[in-house]
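Right, one structure below, let's go through it.
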Amino acid sequence: MPDGRSWIAMLPPQLSRQGDALTRLLGFAESTPAVSSLSVGCSLGRSAADEYSDVDAAVGVECPRGAAGAGRVREVESALVDLFRDDLVDALREESLTDAFFIRRLFAQLRDGVQLDLAIIAEGEVRRGDAAPDFVPLHRSGSPDRKDWKDSPAATFVSAEQVTTWAFRGWRALLDVDKHLRRGSAWEAHHRLHEAREQVWALWAAARGATYPQHGLSQVLDLGLDPTDLPRGVDASVAGLGLDDLRTAALACADALDDASRQAAAHCSATLPAGLAAWARRVLVPGSERP
């Protein structure tokens with residue numbers, strides 16, 4: 001594991017504010033017995049960050065998984081808020097709790113412009129290795145309750161079922177575009193068109209073997225692909241609020257969805273919702289009747 005302070009010191013000058021925040025987080029991790037690890041990821045971990053990038057980090061806590069460790073995780077999260085309190089513009093604190101899994105999420109806007117996006121979680125749930133290839137460990141101590149991630153799916157893995165689901169959601173969204181256009185509800189049609197395009201990007205990321213393909217567009221951009229290597233018609237799938245323009249964009253999005261889903265299906269051996277796709281294409285045609 002690289003020395004955390006040395007790694008931070010190697011950040012380029014334009015990331016000095018992010019580096020300052022990481023230095024404070026690292027000092028907190030080193031001086032807090034309950035904190036067993038600190039890892040930084042996403043654009044910083046991939047060496048793809050710029051001056052606008054937030055600090056995405058996972059804070060591992062020495063405690064049991066799930067509800068049994070919730071109290072300790074909450075204590076660490078509260079201490080992190082206190083650590084940055086004098087520099088906070090505002091913060092959002094959320095949690096997800098089941099008997100088997102617990103996580104606190106802290107988003108903090110700092111006065112120097114840096115945004116913190118922290119996951120505070122039992123050490124046994126901190127993903128490592130191929131399950132989180134863009135996370136760099138800055139601090140780590142022992143834990144008696146650490147999960148072994150060696151056999152976990154890689155962050156690039158997408159199941160055939162997931163591809164089928166994304167494709168189905170895309171066609172369903174386009175059917176809703178048509179429905180709202182027939183009602184004359186441009187804003188609702190615009191919203192669902194955007195949601196259909198999100199499925200296109202997730203499928204395209206899966207087809208291209210991107211890390212965390214469920215995040216769609218951001219992961220496609222991180223691949224550094226040929227800028228002309230895009231789903232067919234996706235550039236024409238953007239529209240304003242004109243009803244005719246929205247329908248034209250929806251038809252273009254259907255082409256993009258078809259292209260992305262077919263390539264993702266080939267990559268993941270998935271079965272596509274061909275019936276729904278054909279139905280959606282038929283009703284999207286201008287002037288067509290809809291049952």
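Per residue, the convex hull spanned by the Cα atoms of the range 17-107 measures out at 100 cubic angstrom. Computed over the alpha-carbon atoms, the chain gives an Rg to Rh ratio of 1.05, Rh here being the Kirkwood radius from the mean inverse distance. Let me know the shape class of the range 2-54, please: from the alpha-carbon gyration tensor, a ≥ b ≥ c as square roots of the eigenvalues, rounded when a/c is under 1.5, otherwise prolate if a/b is greater than b/c, or oblate. Verdict is prolate for the range 2-54.
Please work out how much length the chain gains when fully extended from residue 52 to residue 87, using 0.36 nm per residue of separation minus the C-alpha to C-alpha distance, in nm with one decimal. Between residue 52 and residue 87, full extension yields an extra 10.8 nm.
Note on residue 98 and residue 79: the model spin-label points, each 7 Å out from Cα along the C-beta direction, lie 2.8 nm apart. Calculated [222 nm] ellipticity per residue, helices only, for the chain: -14500 deg cm²/dmol; basis is -39500 (n - 2.57) per DSSP H run with n ≥ 4, divided by all residues, nearest 500. Among beta bridges identified by DSSP and lying wholly in the chain, the antiparallel ones come to about 80 percent. Rounded to whole numbers, the Karplus 3J(HN,Hα) couplings from phi for the range 242-248 are x, 4, 5, 5, 5, 5, 4 Hz, using 6.51 cos²θ - 1.76 cosθ + 1.60 with θ = phi - 60°, and x at Gly and Pro. Distance distribution P(r), the range 209-269, all Cα-Cα pairs, bin width 10 angstrom from 0: 22, 45, 28, 6 percent. Listing 283, 136 from fewest to most neighbouring C-beta atoms within 10 Å gives 283, 136. Each label was represented as a point 7 Å from its Cα along the Cα-to-Cβ direction; for residue 31 and residue 195 these points are 4.7 nm apart. Kirkwood radius and radius of gyration were both taken over the C-alpha atoms of the range 160-284, and their ratio Rg/Rh is 0.97.
Values in this text are rule-based calculations from the coordinates and carry no lab data. Just so it is clear, the model here is predicted, and its values are computed rather than measured. All Cβ positions, glycine included, derive from the backbone under ideal geometry; neighbour counts span all protein chains shown.
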